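Okay, structure first, notes after.
The values are calculated or read from the model by the stated rules, or taken from the named source; none is laboratory data. Note that the coordinates shown come from a computational prediction; the quantities given were computed from them, not determined experimentally. A quick note on method: Cβ atoms are made from the backbone with ideal geometry, for glycine too, and the neighbour counts reach across all protein chains shown. Only protein heavy atoms, including side chains, enter the accessible area calculation; ligands, DNA and RNA are left aside. Shrake-Rupley method; radii C 1.70, N 1.55, O 1.52, S 1.80 Å.
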Amino acid sequence: MNAGAPGTLDLGKLFAARLHAVRTRPYLATALFALHPVESRHVPTMAVDRHWRCYASPAFVDRTPVEELAGVWVHEVSHLLRDHHGRSDRYAREHGLTGPGERLRMNIAADCEINDDVFGDGLVRPEGAVEPESLGLPEGELMEEYLSRFRLGPNTLSLAWLDCGSGADGLAREWDLGPDGAHGLTEQEREAVRFRVAQGINGRPGHAPKGWRRWAEEAFHPPLPWRELLGAAVRSAASGSGAGEDYTYGRPSRRSAGLPGVVLPSLRRRPPRVSVIIDTSGSVSDAELGSALLEVTAISRAVGGRRDLVTVLPCDASAQVVHPLCQAEGIPLMGGGGTDLRTGFTRALRALPRPDVVVVLTDGQTPWPDTRPPCRTVVGLFPRQHTWDEDGDHTPDSPPGWARVVDIGSASTSRQR
């Protein structure tokens with residue numbers, strides 16, 4: 001798709017399309033009206049930057065019906081609301097990805113996250129909109145999960161034109177007006193817009209698709225300093241030496257060349273597996289259990305969005321059923337008795353394949369294993385004014401020195417003991 005011949009941007013048509021988008025998706029009204037349109041012949045269709053400017057090709061606007069333009073408005077603002085630029089930057093750093101090709105792949109994955117349920121119900125699907133089904137991918141997944149499922153190849157050649165701007169993949173363009181350009185939103189203004197949209201969705205949950213409801217619920221629980229530290233601790237443990245590493249014959253070692261007739265395996269990284277032990281004893285409140293489920297979702301993001309690699313194990317005095325992470329809200333946290341998380345460690349480490357990282361979410365009122373587990377351990381501690389044993393017999397020990405500890409709820413809270 002090309003930008004087309006020079007012309008003047010038809011703002012009247014563009015604003016009519018935005019109004020149509022607001023009528024069909026009223027919960028997005030605050031975000032849609034916050035976007036400032038900018039005429040640009042550098043974009044194939046429409047694109048956004050991270051400062052909430054919407055770049056529009058005059059030729060594209062001229063040839064596209066108002067109903068389809070409304071769908072493009074909703075699509076582009078979805079990139080910004082879902083922080084696809086920030087998430088793309090984090091994914092690129094964590095996986096060592098560079099170059100415009102990888103950013104195109106992120107743009108495609110972000111489009112798949114948006115487009116699987118954003119159209120219909122009065123909103124026309126724009127021509128050429130990328131959907132997971134067209135790439136043989138399942139619906140309902142996050143951008144990070146789609147990134148782990150496909151690579152650029154023959155089935156994506158037709159998408160080489162795609163460019164939703166730096167607001168979609170985090171890579172600055174030469175035509176971006178940048179942070180000092182006119183009509184950009186400040187960070188505080190951007191967060192205020194997100195919060196207002198999330199309020200509208202949560203206030204009338206039956207009027208928004210599942211993907212938007214999931215986003216709105218998470219938007220009401222923004223990253224806090226301790227949550228960022230917990231995610232960083234999990235990522236550090238998952239990327240440490242030995243975690244997520246195994247020998248494979250799929251690609252023989254280069255040392256095989258020096259041993260004719262002998263094929264040596266090579267050491268390759270695989271996605272790390274994480275087992276989350278949640279303290280469900282009587283000393284942990286319902287609010288803290290709800291917070292624990294939010295942390296499970298954050299932990300899945302910390303390991304690249306692979307929810308299939310995260311298991312959840314509720315535990316009080318004994319370990320309960322191990323649950324794979326599909327939807328955190330569907331995990332029953334049964335318990336209410338005393339606390340002995342050693343049983344949780346035993347159960348988690350017996351799993352096959354064995355986890356690379358064990359994350360424990362607890363108030364700390366528990367005995368700990370006597371020996372260091374054969375994998376890295378991160379402990380998230382719920383705050384307590386005083387420390388006492390539930391049976392009144394003794395004061396439990398602090399988490400052992402081999403665990404990375406993050407105090408949940410505090411401002412400066414990460415420490416290696």
By the mean-Cβ-within-10 Å protection proxy, highest first, 193-199, 51-57 rank as 51-57, 193-199
With the 8 Å Cα cutoff and a minimum separation of six or more residues, region 1-92 has a relative contact order in percent of 35 percent
Percent relative contact order for region 97-151, counting Cα pairs under 8 Å at least six residues apart, stands at 43 percent
In whole Hz, the Karplus estimates of ³J(HN,Hα) for region 25-32 (6.51, -1.76, 1.60; θ = phi - 60°; x where Gly or Pro) are 10, x, 5, 9, 4, 4, 6, 5
Here FRET efficiency (C-beta to C-beta, HIS207 to ASN155, R₀ 25 Å, nearest 0.05) is 0.10
Gyration tensor on Cα atoms of region 50-201, a ≥ b ≥ c root eigenvalues, a/c under 1.5 rounded, else prolate if a/b beats b/c, else oblate, says rounded
When every protein chain stays in place and a 1.4 Å probe is rolled, ARG307, ARG105, ARG151, ARG63 sorted by accessible area with the largest first are ARG151, ARG63, ARG307, ARG105
Given unit charges at Cβ for Lys, Arg (+) and Asp, Glu (-), the dipole magnitude of region 1-97 about its Cα centre in debye, nearest 20, is 200 debye
Calc'd 3J(HN,Hα), region 354-359, phi into Karplus 6.51 cos²θ - 1.76 cosθ + 1.60 (θ = phi - 60°), Hz, glycine/Pro = x, comes to 6, x, 8, 9, 10, 10
